[in-house]
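The next block holds one structure in the form of structure tokens; read it before the comments.
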Amino acid sequence: MELQNTVKEALNALYHHPDDSVRMQADRWLQNFQRTIDAWQVSDNLLHDPNSNLETLIFCSQTLRSKVQRDFEELPSEAFRPLRDSLCRLLKKLHKGPPKVRTQISIAVAALAVHVSVEDWGGGGIVSWLRDEMNSHPEYIPSFLELLGVLPQEACSYRIAARPERRRQFEKELSSSVDTALGLLSACLSFNELKEQVLEGFASWMRLAHGIPGTILASHPLVHASLSSLNSEQLLEAAVNAVSELIHYTVAGSSGGLSAQMPLIQVVVPHVMSLKGQLRDPSKDDEDVKAIARLFADMGDTYVDLIASGSDESMLIVQALLEVTSHPDYDISSMTFNFWHSLQINLTRGESYSTYGSKESAEERNRRLRVFYSTYELLVSLVSSRIQYPTDYQDLSKEDLKDFKHNRYAVGDVLMDATSILGGDMTLKILFVKLLEAVSNCRNEGTHDWRSIEAALYCIRAIAKSVSPVEAEIMPQIIALLPKLPHHPQLLQTVCLTIGAYSKWLAAAPIEQSMLPSVIDILTRGMSAVEESAAAAAHSLKLLCEDCRRKLCGSLDGLFQIYLRVVSGDGNYKITADESMHLVEALSIVISELPADQAKSALEALCMPIVTPLQEVVNQGGVSLQQVTARQLTIHIDRLSHIFRYLNLPEAIADAVQRIWPIFKAIFDHRAWDMRTMESLCRACKYAVRTAGKFMGITIGAMLEEIQVLYQQHHQPCFLYLSSEVIKIFGSDPSCANYLRSLIEALFQHTTILLKNINDFTARPDVADDCFLLASRCIRYCPELLVPSSVFPSLIDCSMIGATIQHRDACNSILTFLSDVLDLANSPSGEKYRSIVDSIMIPRGSTLTRILIASLTGALPISRLEEVSYVLTALMKTYGIRVLEWAKECILLIPATAITEAECSSFLQALSEAASGKGASALTVTLEELSDLCRRNRTVQEIVQGALRPLELNLTVVSS
């Protein structure tokens, strides 16, 4: 009683106390209370207490539902019947009570049924029991109906901590009870006030239905009730849900397929089609129209294969779907977008015509495309009007603006679908007419309304990838029109983006018709307008230089003028420092096309305005270099990164790096403590190595000596990442072997000292991530340097220590390294390393297997399951029957309260079959099931981890 009163007081504080800290304290207490064993009895008592207020009832019903779902195994077996009877009494008591509370109790009863077998429930399972209760207590039918509707929804719920095998059994039990459930629902149709509940319950049970013939369903009273209720405002939502499930059922594999369900289809489709007029009925509520539109969209998505045949009947459905698409409410019209996508795939893919011969296939494909041609023409016109900026766009919230942009992307996807049917050039013609209309209206009405022009241009931009590079009729007119459009910032942004989208077309245009000067003028204007248009212009200039690089070689002086103004900040451009990288990239790409001697001098000119400010900082001495902000250095270093990355002249880049190296060395020496600067500098070095490769000569040696020394002092993970790039480029070069061996041994030796236990890994996840990325690179590019080395065993130990790190990237890198080692040992090229790998892995095999099984069963998040499974499978391929013994030792440590003897045997049997070369694919399923089994609730997971103790294993380095 004291605890019950405390719960009430805490709830009162949570909902009504004026002090936030008190409310938070009450919330924490209540959450902790829900995890206790006492929560069962206290919640049950308070739910039965007639004096409990609504807040108490809601909290206790949620608690009891959660306890049944997750913590049922806390209770002794004899507690089941009293719990079931108590929940049943609550259902009866609440038949006219708060709906929220009744729903929670219904879910609790359904969860209880999942946990216990048919025999334990008694009377042939929960559906039979429910039938008897409904017959015996008709006054409580509303509550029982809610439970009946909830049961199918909980059939496969992973919120319920049932064993996987029991969950499958329960689904089978419910599937075999569909006829009984439908009978109960049919019997309740006579109660008008319960009809909505009946229809919702029917929708739920249809998801579990198997093999009911279409002839039976076509005349079934529940089907008739669902279809007739489509014309009822009160029942429309429930009726739509039911009819939607019927539509899905007709194509489900368990229903026998379309031919078996044709009698039902012939009943359902005409009823749905009769609702078409309501889509435009102004008297209909918006939510009702939305529900009807959803039904048409469902019908289109489900029967798309039939509709694609282009029959007269299917075209009636297409007309109805066009009606939905034309609805002024975007939320309604967009419901059909998935259908138009699926239809174009069906019309264009070869598999749709696999039943035809080669000649007949081509004829049928052309016939269908002709049938739907006008449909997609109309579709283009309909959706292109959906993306106009609203008049109050400047007042839109951040979230609304995000939604608007998302809607535009969706319309762009529909337009691309249309190009698959109409062709890009024809779609362009339709959209160009829209653009001309918008421009004409703007001029004639003198409104300066840029929005319709911008919308049409956005659509033209959206289909750029589908327009032929040699299209010569419309595109020249569009490009010629761009400079004449109103100078609105939003429109200018779209103009700039359109230029970038058609950069490949501009590259293919004849030299004599070159439009590059005019479009570069537009982009220059865009850079000077507002930040949004400046960003668009910079990005488009990069695309233009990428695709028109050869044509622009002659315009390099003009591009340099833009570049110098941007980099120096002397111009009136609105480009941010980050966006200036587009200009650096653009110039780098064009310079790559110049003859070698010209390119070298152009590279010097490109680097000069970047290197000069860095040199000035370095010249001021070490103290000044340490005091400047990271941004004062990284803005210039990042620009050099882009030059090294995109200027594809290896020798010229190598020379440039050699000249710049004294500056880089000074920054390395005086800023090695600064992670941000070091990441920027290592990135620049990485791209220099990647581009210049073996031309780097002596500079690469100086670079690696620098980072080898500095890593031991400052532990910057980017030093490891830069070493990974070097290994990728030079790892297979025998002339570099001695130097690289010394480098990686020094780096790994120091890292294994840094990462001695799982807490070290957690504190330095970036070091762990880059260390094992480097290790994997070594395994792939130069195993001869790593595997025989003295540091390799320590690295394996280190990977085992850190395997259960929660950091996603670091964990993936560690697991990938382990699988790479095992894959190497299994490969023909790795045969010479097999004895070394065996000498290291076999003594550690038992511990590694235990860590992997602990990771599968809860030490790592469920999202790591695939990676862990791959390592365990690789271990199995490498050591076969040994792994079975290691796994057996491990799995037998887990108490029977968490995993039964039969479940252990099933797991070991799957491993045994995989070890013998059979059932390897089934092993993945078994590992997933073991993971599900051991994670089914917090208590079980704690029991399993307490038995396997992976962290204790990780704290103990295993010696060979």
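Would you mention how many residues in the stretch 244-268 are more than 31 Å from the chain's Cα centre (by Cα) and farther than 17 Å from residue 210 by Cβ? Before the answer, list the steps.
Step one: of the stretch 244-268, the residues more than 31 Å from the chain's Cα centre (by Cα) are 255-268.
If we keep only those that are farther than 17 Å from residue 210 by Cβ as well, we get 262-263, 265-268.
Residues flagged as more than 31 Å from the chain's Cα centre (by Cα) and farther than 17 Å from residue 210 by Cβ within the stretch 244-268 amount to 6.
Taking first residues from the stretch 155-168 that are touching a residue at least 12 places away in the same chain (Cβ under 8 Å) and farther than 14 Å from residue 109 by Cβ and partners that are open to solvent by 20 Å² or more (accessible area, probe 1.4 Å) and in a loop (DSSP other than H, G, I, E, B), the Cβ contacts under 9 Å between residues at least 6 apart in sequence or on separate chains come to 161/935; 163/900; 166/117; 167/156; 167/158. Restricting attention to the stretch 103-125, the residues that are open to solvent by 10 Å² or more (accessible area, probe 1.4 Å) and touching a helix residue (DSSP H, G or I) at 6+ places or on another chain (Cβ under 9 Å) add up to 11.
If you go through the stretch 360-376 and keep only what is open to solvent by 60 Å² or more (accessible area, probe 1.4 Å) and in contact (Cβ under 8 Å) with a residue 24 or more places away in the chain, you end up with 367, 373. Among the residues of the stretch 84-102, the ones that are open to solvent by less than 20 Å² (accessible area, probe 1.4 Å) and part of a helix (DSSP H, G or I) come to 6 in all.
Of all residues in the stretch 850-862, which are part of a helix (DSSP H, G or I), surrounded by 15 or more Cβ atoms within 10 Å (Cβ to Cβ) and of a type in the set (A, V, I, L, M, F, W, C)? So that I can check it myself, show each step before the final result.
First, pick out the residues of the stretch 850-862 that are part of a helix (DSSP H, G or I): 850-859, 862.
Filter again for surrounded by 15 or more Cβ atoms within 10 Å (Cβ to Cβ), leaving 850-859.
Scanning the stretch 850-862 gives 851, 852, 853, 854, 856, 859.
Of everything listed in (1) crowded, with 16+ Cβ neighbours inside 10 Å; (2) at pLDDT 95 or above; (3) hydrophobic (A, V, I, L, M, F, W, C); (4) within 26 Å of residue 526 (Cα to Cα), the single unmet condition for residue 416 is (4).
Screening residue 821 on (1) among the aliphatic types (A, V, I, L, M); (2) over 29 Å from the mean Cα position of the chain (by Cα); (3) closer than 15 Å to residue 720 by Cβ shows it passes everything except condition (3). Being hydrophobic (A, V, I, L, M, F, W, C), in a helix (DSSP H, G or I) and at pLDDT below 95 holds for only one residue in 556, 543, and it is 556.
Mind checking whether some residue in the stretch 531-538 is surrounded by fewer than 19 Cβ atoms within 10 Å (Cβ to Cβ), within 28 Å of residue 646 (Cα to Cα) and out of contact with any Leu (no Cβ under 7 Å at 6 or more places or on another chain)?
Step one: of the stretch 531-538, the residues surrounded by fewer than 19 Cβ atoms within 10 Å (Cβ to Cβ) are 531-532.
Now restrict to residues that are within 28 Å of residue 646 (Cα to Cα): 531-532.
Next cut, out of contact with any Leu (no Cβ under 7 Å at 6 or more places or on another chain) only: 531-532.
Yes: one or more hits.
In a residue-by-residue description of the stretch 918-928, the property of being without any contact (Cβ under 8 Å) to a residue 12 or more places away in the chain, surrounded by fewer than 17 Cβ atoms within 10 Å (Cβ to Cβ) and part of a loop (DSSP other than H, G, I, E, B) applies to at least one position. Please verify whether residue 887 is in a helix (DSSP H, G or I), out of contact with any strand residue (DSSP E or B) (no Cβ under 7 Å at 6 or more places or on another chain) and at pLDDT 95 or above, treating the condition exactly as stated. Yes; evaluated as a whole, the condition is true for this residue.
Take residue 396 and tell me if it is at pLDDT 90 or above and either of a type in the set (A, V, I, L, M) or over 31 Å from the mean Cα position of the chain (by Cα) (or both).
Working: at pLDDT 90 or above: no; either of a type in the set (A, V, I, L, M) or over 31 Å from the mean Cα position of the chain (by Cα) (or both): yes.
Here the answer is no, as residue 396 does not meet what is asked.
The criterion of at least 3 residues that are open to solvent by 10 Å² or more (accessible area, probe 1.4 Å) and in contact (Cβ under 8 Å) with a residue 40 or more places away in the chain is met, among helices (runs of 4 or more DSSP H) falling completely within the stretch 218-289, by 236-251, 258-273. Within this structure, residue 936 passes the test of being touching a residue at least 40 places away in the same chain (Cβ under 8 Å), of a type in the set (D, E, K, R) and open to solvent by less than 50 Å² (accessible area, probe 1.4 Å).
The values are calculated or read from the model by the stated rules, or taken from the named source; none is laboratory data. These numbers were taken from a predicted model, which means no experiment stands behind them. So basically every Cβ, Gly included, is an ideal-geometry build from the backbone, and we count neighbours across all protein chains shown. Just so you know, the surface numbers come from the protein's heavy atoms only, side chains and all, with ligands and any DNA or RNA stripped out. Shrake-Rupley method; radii C 1.70, N 1.55, O 1.52, S 1.80 Å.
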